[in-house]
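What follows is one structure encoded as structure tokens, with my remarks underneath.
The values are calculated or read from the model by the stated rules, or taken from the named source; none is laboratory data. Since the model is a prediction, treat every value here as computed from it, not as a measurement. In this analysis, Cβ positions are derived from the backbone assuming ideal geometry, glycine residues included, and neighbour counts consider all displayed protein chains.
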Amino acid sequence: MTTLLTGIRKLVGARTDSPLLRGDSLRILPVIDDAFLLIENGLIADFGSMQRFHQKYKAPDFRKIIELDNAIVLPAWCDSHTHLVFAGSRESEFVDKLNGLTYAEIAARGGGILNTASKIQEISEDELFIQSWNRLEELKKLGTGAIEIKSGYGLTVESELKMLRVIKRIREKSVIPVKSTFLGAHTFPAEFKNDHQGYIDKIINEMLPVIAGEKLADYIDVFCETGFYSPEETEEICRAGMAYGLKPKIHANQLHASGGVQTGVKLGAVSVDHLETMDEDSISCLSGSSTIGTLLPNAAFFLRMAFQPARLLIEKNCAIALASDFNPGSAPSGNMNLVVSMACIQMKMLPEEAINAATLNGAHAMELGNEVGSITVGKKANLIITKPIPSLAYLPYAFGSNLIAHVILNGEII
Ligand code: NIG
Ligand code: FE
């Protein structure tokens with residue numbers, strides 16, 4: 001099946017190679033004005049200026065021609081950090097917080113992560129799949145074209161496996177690439193509050209062997225945070241996962257600078273995610289490494305925390321990506337358009353930097369840099385076609401408007 005897009009006012013993210021972007025290169029977002037894009041069998045087959053198109057092709061040769069009216073075309077979002085598989089919602093805790101309750105008070109009543117965990121333990125695998133699949137359908141319409149999904153609300157052998165099997169089913173059915181991350185170490189179950197090693201042993205001896213046997217995960221994640229998992233515990237769990245071929249992608253420096261970044265970099269993690277609280281040592285450690293710092297502005301926004309220091313990280317040559325952190329507790333939205341706006345408005349990222357961080361660098365944070373994240377021959381034709389808008393900067397500027405006219409996934413309009 002051949003599809004041709006013509007009359008593209010701006011073709012954004014058009015590249016011949018797909019490097020991980022850092023420092024000044026993050027603001028370089030190649031654009032072709034008045035362009036065409038040719039799709040064959042779901043992949044990008046050719047692109048360039050309309051002038052080159054007229055020299056090279058005769059339009060009637062193509063099966064399906066979509067003439068665009070002043071639209072901008074860009075690569076679909078690559079959301080490299082989500083907790084998309086969860087049961088129910090937690091808006092009652094949201095209201096409790098508005099009424100003055102603290103996170104600790106809510107947690108003491110069995111709220112927070114443990115609230116979602118008890119819902120996961122009760123729900124059937126089929127029902128969990130349906131709820132999660134419906135969320136993914138919504139995100140696809142919002143332009144998400146590749147996604148990472150974590151477990152971590154199970155916290156028992158049976159429930160963690162239930163979550164991971166749901167992720168596997170989503171991956172098998174989905175038209176977009178899905179990466180799976182095992183986050184058994186999200187918190188400690190109540191019965192292991194005073195026996196951390198007991199639960200870590202369960203992760204290592206009872207969960208990991210089954211996960212590896214059934215090929216249920218690509219990555220291993222730990223919530224490395226004061227009051228949750230220490231850097232030493234994080235390292236022990238990650239190394240056990242690494243022995244089964246799972247690379248680390250860890251929750252680091254969300255609430256405290258408690259050594260998460262240093263642990264991730266030491267382990268050669270694909271990414272360290274959150275980074276709301278970065279001290280000098282964490283920044284210098286990340287700057288010299290190939291580990292990607294994934295910033296989650298929607299979580300900082302929802303929890304009313306200071307935003308991630310994106311400008312400083314860019315200045316210090318860290319490779320950064322943007323992701324949604326979609327989860328029922330700290331970021332109940334997977335809208336990457338909002339993430340990009342938030343990055344510009346609150347973190348002073350330039351539109352070009354934010355779009356690169358949410359596409360190509362997001363793809364690298366899932367090791368999908370050769371498959372998605374830019375307009376490059378041979379990559380999946382996963383694209384966002386905007387409504388007529390005056391400029392690229394209008395996208396993050398007009399936050400809250402839905403500026404997407406169409407989303408193309410694997411070459412098909414959804
Ligand atoms: O990434 N920080 C840890 N975990 C989630 C939130 C978990 C929850 O409250 O459900 C996050 O923000
Ligand atoms: Fe998270």
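Here are the numbers for the structure shown:
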{"quantity": "Helices (runs of 4 or more DSSP H) fully within the range 308-380 counting 1 or more residues that are in contact with a helix residue (DSSP H, G or I) (Cβ under 7 Å, 6 or more places away or on another chain)", "calculated": "310-315, 336-347, 351-358"}
{"quantity": "Hits in the range 19-45 - residues which are within 23 Å of the chain's Cα centre (by Cα) and crowded, with 19+ Cβ neighbours inside 10 Å", "calculated": "LEU21, ARG22, LEU26, LEU29, ILE44"}
{"quantity": "Test for LEU84: is it under 30 Å from ILE149 (Cβ atoms), in a loop (DSSP other than H, G, I, E, B) and out of contact with any strand residue (DSSP E or B) (no Cβ under 6 Å at 6 or more places or on another chain)", "calculated": "no"}
{"quantity": "Test: residue in the range 271-292 that is out of contact with any helix residue (DSSP H, G or I) (no Cβ under 7 Å at 6 or more places or on another chain), within 16 Å of ligand 1 (Cβ to nearest atom), without any contact (Cβ under 8 Å) to a residue 12 or more places away in the chain and over 21 Å from GLU352 (Cα atoms)", "calculated": "no"}
{"quantity": "The range 98-113 - residue that is modelled with pLDDT of 85 or more and within 16 Å of ligand 2 (Cβ to nearest atom) and, of those, surrounded by the fewest Cβ atoms within 10 Å (Cβ to Cβ)", "calculated": "GLY112"}
{"quantity": "Strands (runs of 3 or more DSSP E) (entirely within the range 185-277) containing at least 1 residues that are of a type outside the set (Phe, Trp, Tyr) and at positive phi", "calculated": "271-274"}
{"quantity": "Counted residues, the range 105-144 - those being of a type in the set (A, V, I, L, M, F, W, C), under 25 Å from the mean Cα position of the chain (by Cα) and over 17 Å from LYS168 (Cβ atoms)", "calculated": "5"}
{"quantity": "Number of positions in the range 293-330 that are at positive phi, surrounded by fewer than 21 Cβ atoms within 10 Å (Cβ to Cβ) and within 16 Å of ligand 1 (Cβ to nearest atom)", "calculated": "1"}
{"quantity": "Search result, residues across the range 65-79 that are at pLDDT below 95 and part of a loop (DSSP other than H, G, I, E, B)", "calculated": "LEU68, ASP69, ASN70, ALA71"}
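For every residue, the table says whether it meets (1) under 23 Å from MET207 (Cβ atoms); (2) of a type outside the set (S, T, N, Q); (3) in a helix (DSSP H, G or I); (4) at pLDDT below 95.
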{"site": "ILE120", "(1), (2), (3), (4)": "yes, yes, yes, no"}
{"site": "GLU127", "(1), (2), (3), (4)": "yes, yes, yes, no"}
{"site": "SER132", "(1), (2), (3), (4)": "yes, no, yes, no"}
{"site": "ILE147", "(1), (2), (3), (4)": "yes, yes, no, no"}
{"site": "GLY152", "(1), (2), (3), (4)": "yes, yes, no, no"}
{"site": "LEU155", "(1), (2), (3), (4)": "yes, yes, no, yes"}
{"site": "SER159", "(1), (2), (3), (4)": "yes, no, yes, no"}
{"site": "GLU172", "(1), (2), (3), (4)": "yes, yes, yes, no"}
{"site": "VAL175", "(1), (2), (3), (4)": "no, yes, no, no"}
